[in-house]
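Novice: A single structure is presented below for examination.
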Amino acid sequence: MSNLPPLNTETMWAILNEEIDDDTVNQLVWRCLGYRYEEATGKWDTAGVADEWRDEYPEPPNFIESRPPTVKLTRSIPAENKQLLKEKLGFKGYKVGEFGPRQTRRATAANWLLGYL
């Protein structure tokens, strides 16, 4: 997770435009949640992870492939940050018929990351 792109608007657009792979999107969220992978032990260090995440996900979840952790991520976004993609990026959403669960989950990750900033 050391070669991750910076958290900035260009990275958020790259997430939305699928220019960054799913693994990298997951790793960005994991890093912000506090998950750290220890190469020496081959295990995840969760000391910096909030209890509500660590208890349910002792290992970081795949936000792109799995709905439950994405729902939890969505619910963790404060009300005032729910529209950050629109407000900060001017993102108008995906067109009907051109998106599916994967794109929705990537948008959720980008919105959460914007709130983290």
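Novice: List the number of the failed condition for ARG102; all other conditions in (1) out of contact with any helix residue (DSSP H, G or I) (no Cβ under 7 Å at 6 or more places or on another chain); (2) surrounded by 13 or more Cβ atoms within 10 Å (Cβ to Cβ); (3) in contact (Cβ under 8 Å) with a residue 12 or more places away in the chain hold.
Specialist: (2)
Novice: If you don't mind, another one. For a quick check of your reading: which helices (runs of 4 or more DSSP H) sit entirely within segment 61-117 and have at least 2 residues that are under 19 Å from LEU33 (Cβ atoms)? So that I can check it myself, show each step before the final result.
Specialist: Numbers: elements: 67-75, 84-89, 101-116.
Once the helices (runs of 4 or more DSSP H) in segment 61-117 are filtered for at least 2 residues that are under 19 Å from LEU33 (Cβ atoms), what remains is 67-75, 101-116.
Novice: Identify, from the list ALA79, ALA50, the residue that is under 16 Å from GLY115 (Cβ atoms), at pLDDT 95 or above and open to solvent by 30 Å² or more (accessible area, probe 1.4 Å).
Specialist: Numbers: ALA79 fails: at pLDDT 95 or above.
Only one candidate qualifies: ALA50.
Novice: Give ASP23, ASP55 a once-over and let me know the one that is charged (D, E, K, R) and either farther than 16 Å from LEU113 by Cβ or touching a residue at least 24 places away in the same chain (Cβ under 8 Å) (or both). Walk me through it before giving the result.
Specialist: Working: ASP23 fails: either farther than 16 Å from LEU113 by Cβ or touching a residue at least 24 places away in the same chain (Cβ under 8 Å) (or both).
Going through ASP23, ASP55 in turn, just one is charged (D, E, K, R) and either farther than 16 Å from LEU113 by Cβ or touching a residue at least 24 places away in the same chain (Cβ under 8 Å) (or both): ASP55.
The values are calculated or read from the model by the stated rules, or taken from the named source; none is laboratory data. Predicted model, so just to flag it, every value in this text is computed and none were measured. Cβ atoms come from the backbone with ideal geometry, glycine included; neighbour counts cover every protein chain shown. Side chains included, ligands, DNA and RNA excluded: accessible areas come from the protein's heavy atoms. Shrake-Rupley method; radii C 1.70, N 1.55, O 1.52, S 1.80 Å.
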